[in-house]
Every structure is written in C-alpha cells, then in structure tokens.
Amino acid sequence: MKITKLKDSSIFLWFSFFCLLLSPSTSFARTTLPAGFPSSLVSPEKLSSLSSSEKNQIYRTRYFTQILDHFNFYPKSYHTFQQRYLINDTHWGGAKSNAPIFVYTGNEGNIKWFAQNTGFLYETAPHFKALIVFIEHRFYGKSIPYGGNKEVAYSNATTLGYLSSTQALADYASLIIDLKKNLSATDSPVVVVGGSYGGMLAAWFRLKYPHVTIGALASSAPILNFENITSPYSFSNIVTQDFRSESENCYKVIKGSWEQIESTADEPGGLELLRNSFKICKNYISADDLEGWLRTAFTYTAMTDYPTPSNFLSPMPAFPVKQMCAAIDDPTTGNDTFKKLYGAASVYYNYSGKATCFDLDDDSDPHDLGGWFWQACTEMIMPIGGNTEESIFPASEWKYKYRAASCMRNFGIEPRPLWITTEFGGHDIERVLKRYGSNIIFFNGLRDPWSGGGVLKNISKSIVAIVAKEGAHHVDLRFNNSEDPEWLKEVRKQEINIIGNWISQYYYDLAQLY
C-alpha cells in the first residue's frame, strides 16, 4: 500500500480551521497562504465501534433552497442552490417545550466529515434535550451553486465571488430561521458551535445575528490573526516550542535538517538517496516537496498533540509530539539524521505501519477543501509563514506582496487584507466586544499554533476565554475518552455550565413575556 499526502508547500497549510495543502510545484508554492483549519478530531474508538447502519443514523441529510447572493438585488442574485445540512433529533425535547437547537457552523470542507468528528455535540445534546444541526458551508461538499457543478462554480472569479464568510453567515441565518419555522420551534433557543474556521464563523455569527442565536462556542478560533494584530511569526514559534519543550536535541535535529536535505538533493544521486531514506514512491521527488511533506507532519502533529489517540487525517498515538521526539532521540539511529526524521514522520504518516511508500505528487481532494484557496486570496489574509532565527523551520519573512502576486496570477484579483477587521472587528477587541458583544466562549489550547491569534482572556462576564496550557487544536470538541486528563474534563464541564446558564436565562426572559 502507498500513502498519499495532502498537497503541501512549505508555507501553505490548511485552519478547519485539515485542508488540502498545496504542492510546491503549483503556482502557489512561494506564496504565504494561511494554514487551513483542522476541525474536531474524532476519537477512533468511537466511530470504529459503530456499524455502517449506526454511522448513517447519527444524522439525516436534508437540503435547503438557498439564495446565491444575499447582499444584492440583481436578477442573478436570486439564483438558488441546494445547501446541505445534517440533522439529529434523537434527544430533542421538541418544539412544544422550546427545547434548544445546537447548530454547527460548517467549515471549509464536506460537512459529513465534521459531523462524524464532533463528539461534543452528540454527547452534550442529551443533557439539554437539544436538536443537532450541522450546516455545510457554501461551495464545499455538496453545497455547490450553479446546479451543483463544481467545475462551473470554481471556474473563475466571477463565480467564486459568491464564496465568502459573510455570504456563509447569511446562509446560516436564513436556514436556521426557516428550519425553526418549519418545526414550529420559533421560541427554541439556538446555540452555535464551531472549531477553527468554523469557530470563527460561530463567534462572528453571534455578533452579526444576535437575534438568531443566544450564544456561541468558538473553539480554537483565531479571530485576531489579521492585519498586524498577531505576529506572523506566532504560528511557527508555537510549533517550535511544542517540540523544544519535549527535547532540545529533537529541536536541534529538525532545525538543522533542512540544509542537509537541500545539500543532499544537489549532489549527484542525492534525490535517489532521499527517496530511499524516506521511502518516497517512484513517481516523483524534489527537495521542496520532501521538505513540505516533513513540515506538514511536524505542523499538524503540533496542532493535534492530543493526550489520547486520534484518527482524522491518519491514526496517531497519544502525545504524538513526544513520540516524534522519541523517534529522533532514539540512540539506535546514531547520527543518521534522515533515519531520525523518517521515524518521526512515520508517527504522523504511518503509525498503522501499513504504508510501503509515500506519494509527494498527489493532488486529490477527498474532503472537498479546494475552495479555501479562493478564500485565502480574498478576505482570509492571515499573516502566517514567517520564521524567526529560533524557529524549527528555516528563517523567512512574511511578505504580503507575494500573496497578492500569486492571487493575481491565479484568480486575477487583489486580496482585501483589511476587510475581515472592517466587517467583524479585531483591533482593541477587549474594548469593542465589551461594549457590544455577549455570550461567547473562546476556547484555546496553548500547544495549538493557532492559539496565538485567539482570544486568551476574559472580555466580560459573558465573553469568556477558556485557556488550557496543555490543550491542542479544539481538543474540547473531540469525543470523550476514558483516558482524557482532568483538565480536559473540566474544560468541557465549564463549557456545558456556561451554555446551560445561557439557556436558563433565555427561558427566564421568555417567561417574562407571557
């Protein structure tokens, strides 16, 4: 068996928040595009224990006729498409009792992927007798405008222009309002939940549509990763610290490996030596792609450095950063840097031990994530990619002009780096949100590279930051595990209590009206 990698460049990673990564051979290769956002990693023992029929029963698939353009009144704005949503009413208390509705604000990918990997909602719904709804983001999965024809929808800037966070939020509002009406559940409170990019959308939805939702749980949502609010070096600095905190030698080996890979590649027979050292498939190899392959492993392992085994992109053990460093520090590898790196990369790419080679030239998109390229060239201008001298990755500098040039080449458009903070805010976040926001939980784990752009302290009594020193990317949204540490159990307990208070206050206020 061979294992393919998500397409990668040394500086373009995917925030839902696990995204399709770009190949260095593509025209994006030298741009500084933001990491995509992984979302809600599933506990492997949870879904693997279910039969096929049981997996299909965790939700029912529905479609909503959605308008193409919420913000204009041209004739073409009234075109529609079928937006997919998934629903689970197993524990719903019903409209007559005004039982709550939990809505997951879909990320940049196939919504089934997220629905099967967000245990928090399924495990919390019975406590509140809540209805669960996962809404798919436009232009992802099956929610494709232009008759569901992805080739047409993705063809150029004229069609892709309808892919934006503001359109997506309006989609969610329209669908929720219509669904509540059809269920005769007008008075049922809605709580929105999301992780990574979906977490950003959840927070922004609460701010923009407070008449639709009573509160938001925004997990690992880097809403401050824009326009010089957060250092572009924050992301790689946290990855560096994750590895360095485990082993100084591990850090030094990885940091010193890039030059060794490049010098080996330049030697006669060097690429074949690298191919054999890392068991790369015969179809393609280059130093750039190999480095990107390794960067992906180190970065995503840092993001998903969970205290229990996980299985989303690939099976990984508990504390995978520690396991990677153990492979690098293994005395039996002597001074063979490539053998050390191969052992570390195998923790991410081949923990199951089934791979015989790795494909550096795979451009498949199994989770329908390709639309993020457009978003990263329009409004999601998140300065990430620069590395300091201390970074585990080679030193580099964030340059907006490189992003802009690449976006012009690929789409013929100029990015709008100021738009997100204009539309949703970001500067002076404490003062601004204290004045007009309420009922938002921001969770961040400090081992998550995205936490540098997150809200890390309370803003008001109802805008609360829950910070976990040992936490990784939206670990709180994963399924419960019997081996979860006490701090993680406490995080979820806090979130449930806060959501419970929102719902209780809503019911109290509702009673005063009658």
Task: Entirely in segment 337-412, the helices (runs of 4 or more DSSP H) that have 1 or more residues that are more than 30 Å from Ala115 (Cα to Cα) - done: 337-349, 400-411
TODO: Keeping to segment 462-511, report how many residues are of a type in the set (S, T, N, Q), surrounded by fewer than 15 Cβ atoms within 10 Å (Cβ to Cβ) and outside any helix (DSSP H, G or I).
DONE: 1
TODO: Scan segment 47-61 for residues that are modelled with pLDDT of 95 or more and polar (S, T, N, Q) and report the count.
DONE: 1
TODO: State all residues of segment 132-156 that are basic (Lys, Arg), over 16 Å from Val103 (Cβ atoms) and within 21 Å of the chain's Cα centre (by Cα); if no residue qualifies, say none.
DONE: Lys142
Task: Verdict on Ile429 being surrounded by 17 or more Cβ atoms within 10 Å (Cβ to Cβ), more than 29 Å from Tyr251 (Cα to Cα) and either hydroxyl-bearing (Ser, Thr, Tyr) or out of contact with any Ser or Thr (no Cβ under 8 Å at 6 or more places or on another chain) (or both) - done: yes
- [ ] Using the structure shown, decide if Lys112 is under 24 Å from Thr80 (Cα atoms) and modelled with pLDDT under 95.
- [x] yes
Task: Any chance Ser184 is open to solvent by less than 10 Å² (accessible area, probe 1.4 Å) and at pLDDT 95 or above - done: no
- [ ] Assess whether Val239 counts as being part of a helix (DSSP H, G or I), open to solvent by 10 Å² or more (accessible area, probe 1.4 Å) and among the β-branched types (Val, Ile, Thr).
- [x] no
Task: Per-region count, segment 360-403, residues over 22 Å from the mean Cα position of the chain (by Cα) and open to solvent by 10 Å² or more (accessible area, probe 1.4 Å) - done: 12
Open item on the list: If I filter segment 303-339 down to residues being under 14 Å from Tyr349 (Cα atoms) and at pLDDT 95 or above, which single residue comes out as surrounded by the most Cβ atoms within 10 Å (Cβ to Cβ)?
Closed with: Met324
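Residues are listed down the side, and each one gets a yes or a no for (1) over 21 Å from Thr213 (Cα atoms); (2) of a type in the set (D, E, K, R):
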{"residue": "Gln66", "(1), (2)": "no, no"}
{"residue": "Ala95", "(1), (2)": "no, no"}
{"residue": "Pro100", "(1), (2)": "no, no"}
{"residue": "Lys112", "(1), (2)": "yes, yes"}
{"residue": "Gln116", "(1), (2)": "yes, no"}
{"residue": "Ile135", "(1), (2)": "no, no"}
{"residue": "Arg138", "(1), (2)": "no, yes"}
Task: Ala287 being surrounded by fewer than 20 Cβ atoms within 10 Å (Cβ to Cβ), aliphatic (A, V, I, L, M) and over 20 Å from the mean Cα position of the chain (by Cα) - done: yes
Task: Cβ pairs under 7 Å, 6+ apart, first in segment 354-366 and within 14 Å of Asn283 (Cβ to Cβ), second acidic (Asp, Glu) and surrounded by 14 or more Cβ atoms within 10 Å (Cβ to Cβ) - done: Leu360/Asp289
Task: Number of the condition not met by Lys142 [criteria: (1) at positive phi; (2) surrounded by fewer than 18 Cβ atoms within 10 Å (Cβ to Cβ)] - done: (1)
Open item on the list: Just to be sure before I move on: is Asp187 charged (D, E, K, R), over 24 Å from Ile381 (Cα atoms) and assigned to a loop (DSSP other than H, G, I, E, B) in the structure I sent?
Closed with: yes
Task: Lone unmet requirement of (1) touching a strand residue (DSSP E or B) at 6+ places or on another chain (Cβ under 7 Å); (2) under 28 Å from Gly500 (Cβ atoms); (3) small (Gly, Ala, Ser) for Ser184 - done: (1)
Open item on the list: Going through Phe64, Phe73 one at a time, which residue ends up being surrounded by 13 or more Cβ atoms within 10 Å (Cβ to Cβ) and at pLDDT 95 or above?
Closed with: Phe64
- [ ] Could you run through segment 414-446 and say how many residues are farther than 12 Å from Glu379 by Cβ, not hydrophobic (A, V, I, L, M, F, W, C) and not in a helix (DSSP H, G or I)?
- [x] 9
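The values are calculated or read from the model by the stated rules, or taken from the named source; none is laboratory data. The model shown is predicted, which means the values in this text are computed figures rather than measured ones. Positions of Cβ are generated from backbone atoms using ideal geometry, with glycine treated the same way; all protein chains shown enter the neighbour counts. Side chains included, ligands, DNA and RNA excluded: accessible areas come from the protein's heavy atoms. Shrake-Rupley method; radii C 1.70, N 1.55, O 1.52, S 1.80 Å.
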